[in-house]
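What follows is a single structure, written as structure tokens, with notes after it.
Each value in this text was obtained by applying a stated rule to the coordinates, not by laboratory testing. Here the structure is a predicted model, which is why all the values come from computation and not from measurement. So basically every Cβ, Gly included, is an ideal-geometry build from the backbone, and we count neighbours across all protein chains shown.
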Amino acid sequence: MSTIHLTTIINADVHKVFDLARDIDLHQKSTFKTNEIAIAGRTSGLIEKGETVTWRAKHLGFYQAHTSKITEMQKPHQFTDVMSEGTFKSFKYQHIFKTNANKTIMIDILEFESPFGIIGKLFNKFFLKNYMKNFLLERNRLIKMTAENNKN
């Protein structure tokens, strides 16, 4: 099992950041490099607890589908999505939001496990973990930029 832990400080209200983090349309903009689109379940707008979204994207030269369900949500402090179908052996993504002064601290905790036993573990160690981290950093850059540039 691999874990990626990221912290992003955003100069915006926690409610705004929370909503941007669960915005299907914004996520699709952040993943333009992989042609990621929502194809089933919630396909636009703000995803809610109990809803699913199926993403289709080109990763590592192959189109793949990934379905996640929002299993927990406490607005505007956290939500968790868990893979129900996809290429990972397991995938759990916790989104945590804290307020400090007039800033939001956005914390991402992604836990995932690759299939294919030892080959998957080696692939994970030498490539996939860094690939996933960069994928999340790109997403977080867009959330931060959007939140800080659209203060209402």
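Listed values, structure above:
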read-out	value
Acute angle (nearest 10 degrees) that the helix 129-149 long axis makes with the longest principal axis of the chain, alpha-carbon atoms	20
For region 50-56, Karplus couplings with θ = phi - 60° (6.51, -1.76, 1.60), whole Hz, Gly/Pro x	x, 8, 10, 9, 10, 9, 10
DSSP-assigned coil residues among GluC sites (Glu not before Pro) in region 84-152, each with at most 15 further Cβ atoms within 10 Å	none
Gaussian network model of the chain, Cα within-10 Å springs - most flexible of G86, G120, G61	G61
Over the chain, relative contact order from alpha-carbon pairs under 8 Å, at least 6 apart, %	29
Chain lengthening between I118 and N11 when straightened (0.36 nm per residue, less Cα-Cα)	34.3 nm
Backbone N under 12 Å from the L142 label point (7 Å along Cα→Cβ), restricted to region 30-73	30-38
Region 72-152: trypsin sites (Lys or Arg not before Pro) falling in loop per DSSP and having at most 15 other Cβ within 10 Å	K89, K151
Cα→Cβ-extended label distance, 7 Å offset, between D25 and T99, nm	2.6
